[in-house]
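The values are calculated or read from the model by the stated rules, or taken from the named source; none is laboratory data. None of the values given here were measured: they were computed from a predicted structure. With ideal geometry, Cβ positions are generated from the backbone for all residues, glycine too; neighbour counts draw on all protein chains shown. With ligands, DNA and RNA removed, areas are computed over all heavy atoms of the protein, side chains included. Shrake-Rupley method; radii C 1.70, N 1.55, O 1.52, S 1.80 Å.
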Amino acid sequence: MATDVERRRLTRLLHKTADGDDAAFRTLYERTAGHVYALLRQMLRAEAQAEEVLQDTYLAVWMRAGEFRASRGSAMTWVITIARYKAIDLIRRRGREVITDEFLEPAISESEEPLALAMGSDSAAMLMECMDVLGAQERRSIELAFFGGASHPEVAQFLGKPVGTVKSWIRRGLQSLKRCLGA
Amino acid sequence: MNYRDPQLIEALAAEYALGTLQGAARGRFEQLRSEREDIDRETSYWEDVMSQLALRIAPIAPPEKVWQRLHAGVRQLSHRNDTGMKPSWFAAAAAVLLGVAGVFIAQRLDDAPALMQHVAILQDAEHNALWHLKVGESIDVRHIGAEILTEDKDYELWLLTDGDAISLGLLPESGSAQLELSPALQRQLDGGGTIAVTIEPAGGAPPSGATGPVISVAPLVAG
């Protein structure tokens, strides 16, 4: 199945990267960087920052490829996770202006791109469905936190609600998500 | 906090992966994750969920300059991570010097054993003659112009062949010297390769391999 083929391919590329194979590293970059960059542009908004974190991410991939454990998750997840945490770290360190509407709307497209579907076809589709059945406030809160890299206070400020309320929404939303996904 | 409560772990892991667990709490959780398999598994689960969310976004091709900077950075890191003699490090140095390296003359001496006798003049990058070598059952070295080093340093001669670097011994800073060769090394030198000279700590390079700058390189041409 396409999912498994691509997943195994990326795993192999990451393992070869750990061995210092820079051709494999390049291929890994070519097959994954587009998704990572798109996410960073969404979270960080500024192109220069997104480029900076993208570079830092793959430098970390190169240096820490030996830490990747295929038993724990996919190579794609591993790379995206490094990128997300670095982006959040940057947001927290540099601070930013009050987040606005644009943090929710653009660049979130229901991607039909084959690779995205191949990444986890069934689970990706299921996740979308499970997100849809969340309460509106819960879903918005999670999306703001995720796609905007927003903190609890930032989400609270954007929604005009108390931080405690927002924390509950996020916590309940995540619980529901897990139940829905059937893990 | 009761870190044995599965519901609590689930909640913390989810918020850690989402990014809303911050500050000291995040640091504490990271520590816990490194110590506890169950927490690591739960967190990996949520990280996978989050990355699925991320993949909903249509990909955007990054600018080419990012790859260029990345590639340059990666090469520098590989270079710095090399300890001792790695073929790539040496090959790079050798390639640089090979253009201006030693003159090599091979002569067959009829009454000599089956081994070729190779003669070489090792030069530095400015074409200054440093040593004269005669390579056969042993290596006869005659100093020509190599600079005298400080007490804490020595010149070391190496054979580079097939990704391996074999020390042939230390070179004299005046007069002559003879470097003994085992039969195996004699054969190997007979088969060709590249010889090179580095500056090492007194007594020669550590077991891990050459550490110092390459000051001369010459091809060993068999036959």
Can you find a residue in region A:43-65 that is touching a residue at least 60 places away in the same chain (Cβ under 8 Å), within 13 Å of A:I80 (Cα to Cα), within 12 Å of chain B (Cβ to nearest Cβ) and out of contact with any Leu (no Cβ under 8 Å at 6 or more places or on another chain)?
yes
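Each row is one residue, and each column tells you yes or no for (1) open to solvent by 70 Å² or more (accessible area, probe 1.4 Å); (2) more than 7 Å from chain B (Cβ to nearest Cβ); (3) modelled with pLDDT of 95 or more.
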site: A:E67; (1), (2), (3): yes, yes, no
site: A:I82; (1), (2), (3): no, yes, yes
site: A:I88; (1), (2), (3): no, no, no
site: A:R93; (1), (2), (3): yes, yes, no
site: A:P106; (1), (2), (3): no, yes, no
site: A:E112; (1), (2), (3): yes, yes, no
site: A:A116; (1), (2), (3): no, no, no
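Okay, residues lined up against (1) in a strand (DSSP E or B); (2) open to solvent by less than 60 Å² (accessible area, probe 1.4 Å); (3) at pLDDT below 60; (4) under 30 Å from A:Y58 (Cβ atoms):
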residue: B:D110; (1), (2), (3), (4): no, no, yes, no
residue: B:A125; (1), (2), (3), (4): no, yes, no, no
residue: B:E156; (1), (2), (3), (4): yes, yes, no, no
residue: B:A165; (1), (2), (3), (4): yes, yes, no, no
residue: B:E173; (1), (2), (3), (4): no, yes, no, no
Counted residues, region B:201-217 - those being in contact with an Asp or Glu (Cβ under 8 Å, 6 or more places away or on another chain) and either without any contact (Cβ under 8 Å) to a residue 60 or more places away in the chain or not β-branched (V, I, T) (or both)
8
Going through region B:55-64 in order, the residues found to be open to solvent by 50 Å² or more (accessible area, probe 1.4 Å) and either at the interface with chain A (Cβ under 7 Å from one of its Cβ atoms) or in contact with a helix residue (DSSP H, G or I) (Cβ under 8 Å, 6 or more places away or on another chain) (or both) are B:I60, B:A61
The condition from (1) in a strand (DSSP E or B); (2) open to solvent by 60 Å² or more (accessible area, probe 1.4 Å); (3) of a type outside the set (F, W, Y) that B:E200 misses is numbered (2)
If we ask which residues in region A:127-171 are over 17 Å from B:V49 (Cα atoms), outside any helix (DSSP H, G or I) and either among the small types (G, A, S) or within 10 Å of another protein chain (Cβ to nearest Cβ) (or both), their number turns out to be 4
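Which members of region A:40-65 meet the condition of being among the charged types (D, E, K, R) and open to solvent by 40 Å² or more (accessible area, probe 1.4 Å)?
A:R41, A:R45, A:E47, A:E52, A:D56, A:R64, listed by residue number.
Determine whether A:Y29 is assigned to a helix (DSSP H, G or I), open to solvent by less than 10 Å² (accessible area, probe 1.4 Å) and either within 19 Å of A:F146 (Cα to Cα) or not aliphatic (A, V, I, L, M) (or both).
no
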For the condition more than 7 Å from chain A (Cβ to nearest Cβ), on the phi > 0 side of the Ramachandran plot, free of Cβ contacts under 8 Å to residues at least 60 places away in the same chain and small (G, A, S), what is the one hit in B:G23, B:G19, B:G27?
B:G23
Can you find even one residue in region A:141-159 that is open to solvent by 60 Å² or more (accessible area, probe 1.4 Å), more than 19 Å from B:E10 (Cα to Cα) and at pLDDT below 95?
yes
